[in-house]
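Each reported figure results from applying straightforward, stated rules to the coordinates on display, with no laboratory input. Predicted model only: the values in this text are computed from it and were never measured. Because the Cβ atoms are built from the backbone with ideal geometry, glycine has one as well, and the counts that use them run over all protein chains shown.
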Amino acid sequence: LAHLVLDRDDREFVNVYRIKVSVHVVWSHLRYSRGHLLLLLLQFLLMRSEKNCSPRNAFLAGILTGTIFNLDFVIGGVFGISVFLFYSTQKLDFRLKLRCLSVYATGAIALLLIEAFMNYCIYASPLPLYLISHKPAIFSKNVFWYGFHVLFGFKGFFLFMPALLFFVCPLCSPRFRKNGAFLCFSVSLLATVVLYICGTSDFGGWCYGYR
């Protein structure tokens, strides 16, 4: 899948993504590593789709979002919708836009059906294993106080990884603000953060509800 997404013409990104692919193949037994790789490939694909929005790219994007949904239904659902909106807002001929949206939906639904069948064969349920054994933890809490803690306070996301605060820098650049792929990912990440803050709770210990 990575070889299909990567293109020799995009030389400024190819070497970086080859390193990413190699690293994540080695650690492919980790669910989060596979999800990280798929999101990176999806970002690359959307950036390329802005230059050349073709049905092939849309179909590959559908396959990626369908696979991500099986790894994490919140992120997969949010990005699945946002990528559909990304293709629907591209300035294309109506027939080409309709074809891109159709093949995108076909790719995503096909992967969902394949993964549901595989899950049923393995777990006797079409749902992924983590949805069978775990439920969203929604307890009585102060959402704003909890949101502060999971991001900046005690066991905060940016306390563990302060380097991620550099994501603010591109927001100040007009070049990125006009980039549809960047806006798509930014809105999707913000929506994911809000959903996880509202749907998780801190159980204590070394592990925390929001990651």
(message) Please list, in order along segment 70-82, the HN-Hα scalar couplings obtained from phi with the Karplus expression 6.51 cos²θ - 1.76 cosθ + 1.60 (θ = phi - 60°), rounded to whole Hz, x for Gly and Pro.
(response) 6, 7, 8, 5, 5, 5, x, x, 5, 5, x, 5, 5
(request) First select every other residue whose beta carbon is under 14 angstrom from the beta carbon of Tyr104; then total the charges, Lys and Arg +1, Asp and Glu -1. (result) +3
(request) Kindly state, to the nearest 0.05, the FRET efficiency for Met118 paired with Ser54, given R0 = 41 Å and r defined as their beta-carbon distance. (result) 0.90
(message) Using each residue's phi in segment 102-111, evaluate 6.51 cos²θ - 1.76 cosθ + 1.60 at θ = phi - 60° and report the 3J(HN,Hα) Karplus result to the nearest Hz, with x for Gly and Pro.
(response) 5, 6, 4, 5, 4, x, 5, 5, 4, 5
(message) Let me check I've understood the local charge: for Ser88, count other residues with C-beta under 13 angstrom from its C-beta, Lys and Arg +1, Asp and Glu -1. What total comes out?
(response) +3
(message) Starting from 0.36 nm per residue, how many nanometres of slack lie between Leu164 and Leu151 once their C-alpha separation is accounted for?
(response) 3.6 nm
(request) Kindly rank 105-116, 58-69 from highest to lowest mean number of other beta carbons found within 10 Å of each residue. (result) 58-69, 105-116
(request) Please turn the phi angles of segment 34-45 into ³J(HN,Hα) values with the Karplus equation 6.51 cos²θ - 1.76 cosθ + 1.60 (θ = phi - 60°), one per residue in order, whole Hz, x for glycine and proline. (result) 5, x, 4, 4, 5, 5, 4, 5, 5, 4, 4, 5
(message) For segment 68-126 and segment 157-202, what is the centre-to-centre distance using only Cα atoms, to the nearest Å?
(response) 22 Å
